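The structure appears below as structure tokens.
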Amino acid sequence: MSPVPFTVAIDGPAAAGKGTISRAIAAHFGFAHLDTGLLYRAVGACVMDGADPIEAAQSLQPDALEDGRLRTAEVAQAASRVAVIPEVRAALLDFQRDFARRPGGAVLDGRDICTVIYPQAEAQLFVTASAEVRAERRWKELSAKGGGRTLEQVLEDVRVRDARDSERDTAPMKPAAGARVIDTSDMTIDEAVTAAVSHVEACRSARQL
Ligand code: C5P
């Protein structure tokens with residue numbers, strides 16, 4: 001483990017492969033990993049339980065990230081609704097920035113990591129895929145867990161969330177100027193991970209770490 005901070009920032013839409021790639025990079029380089037979507041999902045889940053979104057974000061506790069409901073399609077939509085609120089985003093900022101600079105290296109994945117949370121990140125990626133491919137991947141995942149949504153419903157969910165995430169005023173999802181774009185539509189998991197790891201390796205060599 002390198003004692004020097006090194007940050008890998010990964011953005012992109014739902015089900016593009018960000019999570020798999022982030023975990024693989026974290027394991028490969030021995031870095032800590034933060035799935036920042038979980039923060040918004042935890043706030044969304046509190047709102048589904050009747051909480052005020054801003055208060056929920058300001059008082060979020062780490063154990064809220066362990067809630068078993070966070071991976072459901074309903075919580076995903078609730079997350080993207082609270083994520084348009086600037087005060088919610090502001091409340092989650094310091095935690096993410098502190099994580100980004102932890103000694104030993106960090107990987108953060110989300111929608112605005114390269115653009116807003118940590119534009120100084122030494123390695124930046126934007127991982128994407130077509131809406132149809134992403135919907136099919138998400139539908140297979142949900143079906144394996146016994147979810148009752150059709151492929152058409154999941155595609156509609158993906159499109160609604162993409163539009164809300166990329167058209168909001170605060171921290172809209174978009175590729176950062178310095179990010180390497182990886183389109184995983186026609187890639188296997190191994191190919192996508194290899195492309196991402198080699199980009200990070202190149203960024204590390206450029207800094208002679
Ligand atoms: O990545 P995940 O699908 O878990 O994210 C859930 C929602 O949280 C996204 O649709 C997005 O609205 C929001 N989000 C965000 N910024 C991040 C991470 C997630 O706005 N950095």
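What follows is calculated from the coordinates using simple rules that are stated; it is not laboratory data. Just so you know, these numbers come straight off a predicted model, no measurement behind them. When we count neighbours, we look across all protein chains shown, and the Cβ atoms used for this are built from the backbone with ideal geometry, even at glycine.
Electrostatic tally near GLN58: other residues with Cβ closer than 12 Å to its Cβ, Lys and Arg +1, Asp and Glu -1, net -3.
Scanning residues 5 or more positions from GLY104 or on other chains, those with amide H under 5 Å from its amide H are VAL4, PHE6, with H placed 1.01 Å from N in the peptide plane.
Taking a ≥ b ≥ c as the square roots of the Cα gyration tensor eigenvalues, the chain comes out oblate, since a/c reaches at least 1.5 and a/b does not exceed b/c. For the stretch 1-58, the ratio of Cα radius of gyration to the globular rule of thumb 2.2 N^0.38 Å stands at 1.44.
Under the simplified labelling scheme, the THR20-GLU141 pair shows an inter-label distance of 1.0 nm, with each label point 7 Å from Cα along Cα→Cβ. Under 16 Å of direct C-alpha separation, and excluding same-chain neighbours fewer than eight residues apart, LYS18 reaches these lysines: LYS174.
The residues packed around ALA42, meaning those with a beta-carbon under 15 Å from its beta-carbon, carry a net charge of -3 if Lys and Arg are +1 and Asp and Glu are -1.
Its relative contact order, with pairs defined as Cα atoms under 8 Å and 6+ residues apart, puts the stretch 7-195 at 34 percent.
Phi angles across the stretch 106-111 convert, under the Karplus curve 6.51 cos²θ - 1.76 cosθ + 1.60 with θ = phi - 60°, into 3J(HN,Hα) values of 8, 10, 10, 10, x, 10 Hz, Gly and Pro given as x. Centroid-to-centroid, using Cα positions, the stretch 144-191 and the stretch 64-125 are 15 Å apart. The residues neighbouring SER205, those whose beta-carbon lies less than 15 Å from its own, together hold a net charge of +1 under the Lys/Arg +1, Asp/Glu -1 convention. Considering only GLY178, GLY44, GLY19, give the residue with the highest GNM mean-square fluctuation for the chain, with springs between Cα atoms whenever their separation is below 10 Å. Maximum fluctuation in the GNM of the chain, among the listed residues, is at GLY178. Cross-link partners for LYS145 among the aspartates and glutamates, with Cα-Cα distance under 17 Å and sequence neighbours closer than 8 places in the same chain left out: ASP67, GLU74, GLU136. Amide H contacts of ILE182 (H built 1.01 Å from N, in plane; Pro and chain starts excluded): PHE126, VAL127, THR128 sit under 5 Å, all sequence-distant by 5 or more or on other chains. Shown here: the stretch 30-72, whose C-alpha atoms stretch 39, 22, 15 Å along the first, second and third principal axes, sorted largest to smallest.
Amide H contacts under 5 Å for GLU122: THR7, restricted to partners 5 or more places along the chain or on a different chain, H placed in the peptide plane at 1.01 Å from N.
In order along the stretch 59-73, the phi-based Karplus estimate (6.51 cos²θ - 1.76 cosθ + 1.60, θ = phi - 60°) of 3J(HN,Hα) comes to 10, 4, 10, x, 5, 5, 6, 8, 4, x, 7, 4, 8, 6, 5 Hz; Gly and Pro are listed as x.
Here the Karplus relation 6.51 cos²θ - 1.76 cosθ + 1.60, evaluated at θ = phi - 60°, turns the backbone of the stretch 191-202 into coupling constants of 5, 5, 5, 4, 4, 5, 4, 5, 5, 5, 4, 5 Hz, with x for every Gly and Pro.
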